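Following: one structure in structure tokens, then a few remarks.
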Amino acid sequence: MPPSFGPSPVRRAAAVLTPPAAVVATAHIAPAATWLPVVRRRVPRLAGVGHPSHVALTFDDGPDPDSTPRFLDALEELGVRATFFVLGDGAVRHPSVVRETFRRGHELAVHGWSHDRPWLPAPADDVRALLRAAGVVRDLTGRRPLWYRPPYGILTSGRWAAARAAGMRPVLWTAWGRDWTAGATAASVRSAVAAGLRGGGTVLLHDTDRMSAPGCWRATLGALPGIVHGCRRAGLAVGPLAEHGVHRR
Ligand SMILES: [Zn+2]
């Protein structure tokens, strides 16, 4: 679940941060819809802007034994591979889903250990959580994860540093399906993605309702063929972040 429209998280000082982190930390007091355009303009690689002829397809909040396999089947039918940002606490509960995702050719990345908000600075906890989550993914797939996307898109300076310490690059998104809401339908998800998507973009979707309205993953699943075919009609290849042309470090 990406956006944060609830009470503002604790304001963090941005002055001492590196420029990209400063942009994000300053922005994390505001809803993602407000600050993401700034990130896209000033730090396009952080927003997941890659090669203009490619679209990166990404899924957050899994693994989910009920819904993730449905996505794996649909993606196989479409001939598409994607990047799955998994939660560490879900990966240890459902390791076979993570292994199967990898076996089908998809890329595994880290969404955090649990889906929490950084209300207070906790840099040591951030490092421990991301190292632990990255370790679980590495143990299940044999590959070190390259990407990190924080829950709600809230990238504090502590999480930024923790991702780097764990050898991962933070990546947000340029387009989303708003597929976490109770009223989401396949048509609404398709149209939300189409409204924000350009060549080089990174699409955020969810392969589970763990953090969303119950059953809303069905809307995402229903939207997938239209999203992929729409990209292809526009001459855009669809694939994982690994093939998106953004630098890893
Ligand atoms: Zn999430």
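A short reminder: the numbers here are calculations on the coordinates, not readings from a lab. Nothing here was measured: the structure is a model prediction, and the numbers come from that model. Note: ideal-geometry Cβ built from the backbone for every residue, glycine included; neighbour counts use all protein chains shown.
At-a-glance table
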item	result
Charge dipole of segment 160-246 about the Cα centre (unit charges at C-beta), most positive-ward option of ILE227, GLY245, TRP217	GLY245
Dipole magnitude (debye, nearest 20) for segment 105-249, charges at Cβ of Lys, Arg, Asp, Glu	340
Compactness relative to 2.2 N^0.38 Å, alpha carbon Rg of segment 17-243	0.93
Nearest-20 debye value, segment 31-144 charge dipole, Cβ charges on Lys, Arg, Asp, Glu	540
Sequence-separation-based contact order of segment 171-249, relative, with Cα cut under 8 Å and 6+ spacing, percent	32
Relative contact order (percent, whole number), segment 111-249, Cα cutoff 8 Å, 6+ residue spacing	20
10 Å binning of all Cα-Cα separations within segment 35-92, expressed as whole percents from 0 upward	19, 38, 31, 12
Cα-projected label distance for ALA234 with ASP139, points at 7 Å along beta-carbon direction, nm	4.1
³J(HN,Hα), Karplus 6.51/-1.76/1.60, whole Hz, each residue of segment 91-107, x for Gly, Pro	5, 6, 7, 10, x, 5, 5, 5, 4, 5, 4, 5, 4, 7, x, 8, 9
